[in-house]
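Heads up: the structure comes next, in structure tokens.
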Amino acid sequence: MLEITGQELRRCDLVKVRGRVDSDTAPELGRALHDIIKAGRFKIVLNVSGVSFMSSAGLRQLIDILKTCKRWNRGNLLLAEASPKLYEVLELAGLLSIFSVYKTEAEAVGSF
Amino acid sequence: MTADASLKIAGLYQNLVKITDFVTKWARTARLNDRAMYAVQMSVDEACSNIIEHAYGGEGKGDIHLRCELLDAGLRVTIVDFGRPFNPQLVEAPNLRAPLEEWGAGGLGLFLMRQLMDEVSFSFKPGRNELVMLKKRTPPA
């Protein structure tokens, strides 16, 4: 099961996800992030420190959201506090070239 | 302790957790380190997700058979399905230098499996598709 919590900050939206993001749960994460976009907000920080596992289904959702956020330079999807295992997967998948990954949530929020 | 174990399970996304638990137990028994264990978990998840989505064309259309074997070198995982075969050579690896707009197409799961595991081989017989993956045990650093 996924636990997703969101908070609308002054500069951006902060979303925390906890649990396992696989083919079963990735759509749930996608929906939560799309809801923010549908509300017209495109600057999102995703704190992934509680993610125990993320499959390519989860990565594809993140890529999709990133593309939507970055369109017309209106925003970005920043990742924060990735575990070493998740960071390694992002690196292997070549995603560090398209995602900004911050060590702390505060740094990510502050970058907007 | 037996040297190998099997799991037969319905092809449902909600079963990915049970599948991961099964391979994790055997990865641990095979004394794989955390990194290698994560590689096995991720690769098996990718393989089973692909079977449900592509070989069976959806959930609840067929079973997945898994077998874990302890080898001197590490852990061998065999995954069998009875759905549509595919040609892994026709699945293009993602272009890691592509601009953002071109990202997001398929092929990422298979690419990751090949990156994460030491050996990945597919074989297709009429009505039966088999994937064999090996993760070697690395000595502690």
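The conditions of being within 26 Å of B:Tyr38 (Cα to Cα) and more than 10 Å from chain B (Cβ to nearest Cβ) are met by A:Gly50.
Table: residues versus (1) within 8 Å of chain A (Cβ to nearest Cβ); (2) modelled with pLDDT under 95; (3) farther than 28 Å from A:Phe99 by Cα.
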site	(1), (2), (3)
B:Pro94	yes, yes, no
B:Pro99	no, yes, no
B:Gly109	yes, yes, no
B:Leu112	yes, yes, no
B:Gln115	yes, yes, no
B:Pro126	no, yes, yes
B:Val132	no, no, yes
B:Lys135	no, no, yes
B:Thr138	no, yes, yes
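In region A:89-109, the qualifying residues are those that are among the β-branched types (Val, Ile, Thr) and part of a helix (DSSP H, G or I), and the one that is nearest to the other protein chains (Cβ to nearest Cβ) is A:Val89.
Would you check if A:Leu66 is crowded, with 16+ Cβ neighbours inside 10 Å, closer than 23 Å to B:Cys48 by Cα, facing chain B (nearest Cβ under 9 Å) and among the aliphatic types (A, V, I, L, M)? No: the conditions fail for A:Leu66. Closer than 17 Å to A:Ala26 by Cα, acidic (Asp, Glu) and under 14 Å from the mean Cα position of the chain (by Cα) - does that describe any residue in region B:33-45? Scanning region B:33-45, I find at least one residue that is closer than 17 Å to A:Ala26 by Cα, acidic (Asp, Glu) and under 14 Å from the mean Cα position of the chain (by Cα), so the answer is yes. When A:Ser49 is tested against (1) at pLDDT 95 or above; (2) part of a helix (DSSP H, G or I), exactly one condition is not met: (2). Do the conditions hold for B:Val80, that is, is it more than 19 Å from A:Asp22 (Cβ to Cβ), within 16 Å of the chain's Cα centre (by Cα) and in contact (Cβ under 8 Å) with a residue 40 or more places away in the chain? So B:Val80 fits the description; yes.
Just checking, how many residues over region B:19-63 are more than 13 Å from chain A (Cβ to nearest Cβ), of a type in the set (A, V, I, L, M) and outside any loop (DSSP other than H, G, I, E, B)? Residues that pass the stated criteria total 2.
If you go through region A:1-44 and keep only what is farther than 19 Å from A:Glu81 by Cβ and in a strand (DSSP E or B), you end up with just A:Glu8. Consider region B:33-58 and keep the residues that are hydrophobic (A, V, I, L, M, F, W, C) and surrounded by fewer than 22 Cβ atoms within 10 Å (Cβ to Cβ). The one that is nearest to B:Arg114 (Cα to Cα) is B:Ala36. Just checking, does region A:69-83 include any residue being surrounded by fewer than 23 Cβ atoms within 10 Å (Cβ to Cβ), of a type in the set (Asp, Glu) and either within 14 Å of chain B (Cβ to nearest Cβ) or under 19 Å from B:Gln115 (Cα atoms) (or both)? Looking for residues that are surrounded by fewer than 23 Cβ atoms within 10 Å (Cβ to Cβ), of a type in the set (Asp, Glu) and either within 14 Å of chain B (Cβ to nearest Cβ) or under 19 Å from B:Gln115 (Cα atoms) (or both), one finds none in region A:69-83, hence no. Residues in region A:1-26 that are surrounded by fewer than 16 Cβ atoms within 10 Å (Cβ to Cβ) and within 14 Å of another protein chain (Cβ to nearest Cβ): 1 in all. For region B:86-101, the criterion of being buried (at least 17 other Cβ atoms within 10 Å of the Cβ) and in contact with a Ser or Thr (Cβ under 7 Å, 6 or more places away or on another chain) is satisfied by no residue at all. Close contacts from region B:41-61, counting a first residue that is over 23 Å from B:Lys25 (Cα atoms) and in contact (Cβ under 8 Å) with a residue 60 or more places away in the chain and a second that is surrounded by fewer than 22 Cβ atoms within 10 Å (Cβ to Cβ) and of a type in the set (Ser, Thr, Tyr), with Cβ to Cβ under 7 Å and a gap of 6+ residues or different chains, come to none at all.
The values are calculated or read from the model by the stated rules, or taken from the named source; none is laboratory data. None of these values were measured; they are calculated from a predicted model. Ideal geometry is used to build each Cβ from the backbone, glycine not excepted, and the neighbour counts take in all protein chains shown.
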